[in-house]
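A.B. asks: Pasting in a structure now, in structure tokens, and then I'll have a few things to ask.
The values are calculated or read from the model by the stated rules, or taken from the named source; none is laboratory data. Bear in mind the structure is a predicted one, so any value in this text is a computation, not a measurement. Because the Cβ atoms are built from the backbone with ideal geometry, glycine has one as well, and the counts that use them run over all protein chains shown. What goes into the accessible areas is simple: the full protein's heavy atoms, side chains included, and nothing from ligands, DNA or RNA. Shrake-Rupley method; radii C 1.70, N 1.55, O 1.52, S 1.80 Å.
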Amino acid sequence: MSTDYSASAARFTRETVDHEMTVEHEDGLYRHLKFMSRENGSYGSFQLITWPYNLVVKTGWTFHFDIDATPDMFELFRRTAQTGQINPGYWSEKVRAGRDEVEGFNPDLLKGEVASTIAQWMRDDLDDRIAKQAKTFGYTLKEVGETPEIRRELARQVRSKWMNANRQLREAVEGHFFSDMADYNIEYESEAHRALHDFSFRPDGSDSEYPYYFADWHEWRLKDYTPGFLRSCHAIRHGIDMYNAARKQVAA
């Protein structure tokens, strides 16, 4: 899972910069806190509700967390992430209700996996072309591997055809997955799976027995934490921080 939550944190901060906390109810560990802007009303507002061993966060999405070992759920969230930070990996394990909304398909992960696969394909293709060219001149693979000058010269000789194949492959992938004329809408998981399953391409002049296709895409990581879950994690942490600050003011 992603570990960089700076984008979601920045957006949450923008939307809650002037939020104020209202205590709807507080009796020990039984709390109902509302956070909203006087000026913007319900826009960006959220609620935290706690009772022993349980916390519910409402941000437009609703998640119910529970853990048997910690009566005060505020304490759980305080000690499992540094101040101002979130810990979605650990916190997601504590979700009782809303689990279907914790993770979702992320098209950006698909794009990254596709790009990484193409890059590997082309590295392998260059190695194959160099090996064939080496055989033509009577070089062994050991000689090519141990003599950078020989490898550079062989790479220069095959570079034009390799770059042409590279261009054809990238154009085929772009047209299949990402162009406006593509037959698939990869914003949807089922469509992305169908596009991966259907892709097959052989560059002009290729003497390979098999076309390019995505053989191991079932093993790719194509899901990440949803915007709703990340927003809820930020809301929990921010709400607890505001609550702590308010309690310190009262104590002072």
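A.B. asks: Scan Asn87, Asn40 and give me the residue that is open to solvent by 30 Å² or more (accessible area, probe 1.4 Å) and touching a Cys at 6+ places or on another chain (Cβ under 9 Å).
C.D. replies: The conditions single out Asn87.
A.B. asks: Any residue that is more than 30 Å from Ala192 (Cβ to Cβ), of a type outside the set (S, T, N, Q), open to solvent by 80 Å² or more (accessible area, probe 1.4 Å) and not in a helix (DSSP H, G or I) - is there at least one of those in segment 131-145?
C.D. replies: yes
A.B. asks: Next up: Give just the number: which of (1) more than 30 Å from Asp27 (Cβ to Cβ); (2) touching a helix residue (DSSP H, G or I) at 6+ places or on another chain (Cβ under 7 Å) does Phe137 not satisfy?
C.D. replies: Exception for Phe137: condition (2).
Residue by residue, here is whether (1) surrounded by 19 or more Cβ atoms within 10 Å (Cβ to Cβ); (2) outside any helix (DSSP H, G or I); (3) out of contact with any Cys (no Cβ under 6 Å at 6 or more places or on another chain); (4) not aliphatic (A, V, I, L, M) holds:
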{"site": "Arg159", "(1), (2), (3), (4)": "no, no, yes, yes"}
{"site": "Phe177", "(1), (2), (3), (4)": "yes, no, yes, yes"}
{"site": "Ile186", "(1), (2), (3), (4)": "yes, yes, yes, no"}
{"site": "His193", "(1), (2), (3), (4)": "no, no, yes, yes"}
{"site": "Glu209", "(1), (2), (3), (4)": "no, yes, yes, yes"}
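A.B. asks: On to the next question. With (1) modelled with pLDDT of 95 or more; (2) in contact with a helix residue (DSSP H, G or I) (Cβ under 8 Å, 6 or more places away or on another chain) as the list, and Pro52 as the residue in question, which single condition is left unmet?
C.D. replies: Unmet condition: (2).
A.B. asks: I'd like the residue in segment 213-249 that is more than 24 Å from the chain's Cα centre (by Cα) and open to solvent by 50 Å² or more (accessible area, probe 1.4 Å) and, out of all such residues, is modelled with the lowest pLDDT.
C.D. replies: Gln249
A.B. asks: Shifting gears a bit: Take the residues in segment 195-207 that are among the hydrophobic types (A, V, I, L, M, F, W, C) and under 23 Å from Leu126 (Cα atoms); name whichever of them is surrounded by the most Cβ atoms within 10 Å (Cβ to Cβ).
C.D. replies: Among those residues, the one meeting the criterion is Phe199.
A.B. asks: On the basis of being at pLDDT 90 or above, more than 24 Å from Arg99 (Cα to Cα) and open to solvent by 40 Å² or more (accessible area, probe 1.4 Å), does Glu24 make the cut? Please lay out each step first, then the result.
C.D. replies: Numbers: at pLDDT 90 or above: yes; more than 24 Å from Arg99 (Cα to Cα): yes; open to solvent by 40 Å² or more (accessible area, probe 1.4 Å): yes.
Here the answer is yes, as Glu24 does meet what is asked.
A.B. asks: Pick from Lys142, Lys223: which is basic (Lys, Arg) and within 30 Å of Ile130 (Cα to Cα)?
C.D. replies: The conditions single out Lys142.
A.B. asks: Okay, next question. If you take the residues in segment 79-98 that are touching a residue at least 12 places away in the same chain (Cβ under 8 Å) and assigned to a loop (DSSP other than H, G, I, E, B), which one is nearest to Tyr30 (Cα to Cα)?
C.D. replies: Lys94
Conditions tested, residue by residue: (1) open to solvent by 20 Å² or more (accessible area, probe 1.4 Å); (2) closer than 18 Å to Arg31 by Cβ; (3) outside any helix (DSSP H, G or I).
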position: Val57; (1), (2), (3): no, yes, yes
position: Gly60; (1), (2), (3): yes, no, yes
position: Ala69; (1), (2), (3): yes, no, yes
position: Phe77; (1), (2), (3): no, yes, no
position: Asp100; (1), (2), (3): yes, no, no
position: Thr117; (1), (2), (3): yes, no, no
position: Arg123; (1), (2), (3): yes, no, no
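A.B. asks: Looking at the structure I just gave you, is Leu169 farther than 30 Å from His218 by Cα and assigned to a helix (DSSP H, G or I)?
C.D. replies: Here the answer is no, as Leu169 does not meet what is asked.
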